[in-house]
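Structure first, then comments.
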Amino acid sequence: MPDDINAFVPGARVHIEGRPGGPLSGLTFAAKDLFDVAGHPTGGGNPDWAKYNPIPTRHSWAVQRLLDAGATLIGKTITDEVSLGIVGENAFYGTPINVRAPGRVPGGSSSGSAAAVAAGLCDTALGTDTGGSVRVPSSFCGLYGIRPTHGRIDVTGMLNQAPSSDTTGWFARDAATFARVSTVMFDEPIPEALPNRLIIAADGFAFADPEVGNALQPMVERLKGLIGNAREEIMAPGGIVQWARAQRTLQPSEAWLTFKDWIERDNPRLAYSVARNLYTGSQIPETERQWANLVRQEVRGRMRQLLPPGTVLCLPTTPFPAPKRGEPLSVAGFQRDRILCLCAHGGLAGLPQLSIPGSTVDGLPVGLSIIGGRGTDTTLIAVAQALAAD
């Protein structure tokens with residue numbers, strides 16, 4: 001199959017048939033180049049990662065899970081360099097094409113996986129989400145995408161960035177396929193019962209561009225109709241910018257520890273923005289990390305308070321649609337900061353979040369996210385299915 005959208009890593013394409021007769025037989029999938037595939041290098045979006053690290057001898061848990069269920073692996077996809085990016089541009093391998101928003105970025109760091117699914121090259125694809133790397137490309141490419149409850153999905157064989165935030169996620173174009181894949185990944189059927197309370201994050205909607213809030217309003221109204229009991233609440237009383245600052249403290253600090261030995265030993269080639277972020281992480285003092293951990297505890301307490309059993313919260317997945325490709329660093333940096341303000345709760349709270357497509361701004365996709373309490377991942381998928389059927 002030709003790769004006209006630059007979604008797959010350069011070189012010979014990986015192809016592994018799924019187990020015959022499995023629940024996902026007939027489906028194809030791709031894997032972000034952070035997931036080990038036996039006999040093939042894990043590149044991590046950087047030409048020197050595979051050069052200095054051994055070729056894996058076993059599949060990652062997520063890849064093996066899908067193969068055992070019958071899905072066929074058709075390739076490994078481009079990622080932002082060592083997953084340190086949020087817009088989907090890679091200085092070494094280029095930017096996958098977002099067919100839903102021509103001339104715009106696909107979102108990262110699971111850029112190739114989202115682009116491949118959006119273009120119809122595969123039915124589903126594995127991504128990772130540390131600071132928003134499944135949620136953001138889901139919004140920008142008009143896809144279903146999930147960040148599971150932290151720790152629920154086995155990340156064995158997945159290249160880590162910041163372990164206290166890292167998760168495995170996946171994408172699909174339609175609710176039925178998404179539910180089918182999710183049932184396998186969670187080893188749990190999708191429940192029939194829906195939540196009975198909906199919280200609308202007033203500060204999340206206020207932070208997004210007005211056009212995004214307006215575009216998502218019909219979906220919010222449909223959610224109200226499905227769930228019934230709805231109210232507005234401030235998600236982050238201390239400010240979502242403060243939550244984002246805490247995540248921008250913890251995540252780079254952990255990323256530096258993850259890649260420190262490789263950098264010091266092998267002096268790899270790194271794009272300027274990636275090297276800058278890693279260096280910044282190395283310079284964060286312990287006092288800042290302690291403050292950020294206190295904020296994390298505050299976030300978890302607040303979200304527990306907001307999300308008792310039977311409750312979900314909704315907010316825009318991203319504050320704006322996909323930005324233009326090739327923006328200068330000064331522009332892209334501000335965009336990244338705004339995006340992270342609507343994503344920081346994921347790594348801090350560790351709760352499941354599902355981005356649902358269905359709205360556009362000037363023809364460009366934007367997603368609506370729903371968040372539930374720990375372990376309510378499949379309930380969120382039930383809500384997405386109900387919305388799709390409504």
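The values are calculated or read from the model by the stated rules, or taken from the named source; none is laboratory data. Owing to the predicted nature of the structure, the values given are computational and were not obtained by experimental measurement. Here the Cβ is made from the backbone with ideal geometry for all residues, glycine too, and neighbour counts use every protein chain on show. In case anyone asks, the SASA skips ligands and DNA or RNA and just uses the protein heavy atoms, side chains included. Shrake-Rupley method; radii C 1.70, N 1.55, O 1.52, S 1.80 Å.
Of the numbered criteria (1) within 21 Å of residue 13 (Cβ to Cβ); (2) open to solvent by 20 Å² or more (accessible area, probe 1.4 Å); (3) not aliphatic (A, V, I, L, M), the one residue 111 fails is (2). Scanning region 60-108 for residues that are in contact with a strand residue (DSSP E or B) (Cβ under 9 Å, 6 or more places away or on another chain), in contact (Cβ under 8 Å) with a residue 40 or more places away in the chain, in a loop (DSSP other than H, G, I, E, B) and not hydroxyl-bearing (Ser, Thr, Tyr) turns up 71, 78, 80, 96, 98, 100, 101, 103, 105.
Each residue in region 229-246 was checked for being open to solvent by 70 Å² or more (accessible area, probe 1.4 Å) and either part of a helix (DSSP H, G or I) or over 23 Å from residue 291 (Cα atoms) (or both), and 6 pass.
Tell me, yes or no, whether region 179-191 has at least one residue that is polar (S, T, N, Q) and either at pLDDT below 95 or surrounded by 19 or more Cβ atoms within 10 Å (Cβ to Cβ) (or both). Yes, the conditions are met somewhere in region 179-191. Taking the stated definitions as given, is residue 26 assigned to a loop (DSSP other than H, G, I, E, B), within 25 Å of residue 263 (Cβ to Cβ) and at pLDDT 95 or above? Against the criterion (assigned to a loop (DSSP other than H, G, I, E, B), within 25 Å of residue 263 (Cβ to Cβ) and at pLDDT 95 or above), residue 26 does not qualify. Note on region 161-176: residues that are out of contact with any Pro (no Cβ under 9 Å at 6 or more places or on another chain), open to solvent by less than 10 Å² (accessible area, probe 1.4 Å) and polar (S, T, N, Q) amount to 2. Does at least one position in region 178-185 carry a residue that is part of a loop (DSSP other than H, G, I, E, B), in contact with a helix residue (DSSP H, G or I) (Cβ under 9 Å, 6 or more places away or on another chain) and farther than 29 Å from residue 57 by Cα? The answer is no; no qualifying residue exists. Counting the residues of region 253-271 that are open to solvent by less than 90 Å² (accessible area, probe 1.4 Å), within 18 Å of residue 47 (Cβ to Cβ) and not β-branched (Val, Ile, Thr) gives 6.
Conditions (1) aliphatic (A, V, I, L, M); (2) touching a helix residue (DSSP H, G or I) at 6+ places or on another chain (Cβ under 9 Å); (3) modelled with pLDDT under 95; (4) surrounded by fewer than 14 Cβ atoms within 10 Å (Cβ to Cβ), marked per residue:
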{"site": "205", "(1), (2), (3), (4)": "no, yes, no, no"}
{"site": "213", "(1), (2), (3), (4)": "no, yes, no, no"}
{"site": "219", "(1), (2), (3), (4)": "yes, yes, no, no"}
{"site": "227", "(1), (2), (3), (4)": "yes, yes, no, no"}
{"site": "248", "(1), (2), (3), (4)": "no, yes, no, no"}
{"site": "251", "(1), (2), (3), (4)": "no, yes, no, no"}
{"site": "273", "(1), (2), (3), (4)": "no, yes, yes, no"}
{"site": "281", "(1), (2), (3), (4)": "no, yes, no, no"}
{"site": "301", "(1), (2), (3), (4)": "no, no, no, yes"}
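A Cβ distance below 7 Å, combined with a sequence gap of six or more or placement on separate chains, defines the contacts here; from region 134-146, residues that are closer than 22 Å to residue 183 by Cα and open to solvent by less than 10 Å² (accessible area, probe 1.4 Å) reach residues that are outside any helix (DSSP H, G or I) and among the acidic types (Asp, Glu) in the pairs 135/129. Among the residues of region 283-299, those identified as free of Cβ contacts under 8 Å to residues at least 60 places away in the same chain, assigned to a helix (DSSP H, G or I) and surrounded by 13 or more Cβ atoms within 10 Å (Cβ to Cβ) are 288, 289, 291, 292, 293, 295, 296. In this structure, is residue 151 over 18 Å from residue 23 (Cβ atoms), in contact (Cβ under 8 Å) with a residue 12 or more places away in the chain and either in a helix (DSSP H, G or I) or open to solvent by less than 20 Å² (accessible area, probe 1.4 Å) (or both)? So residue 151 fails the test.
For residue 57, the conditions (1) among the polar types (S, T, N, Q); (2) closer than 23 Å to residue 152 by Cβ; (3) assigned to a loop (DSSP other than H, G, I, E, B); (4) open to solvent by 50 Å² or more (accessible area, probe 1.4 Å) all hold with the exception of (2).
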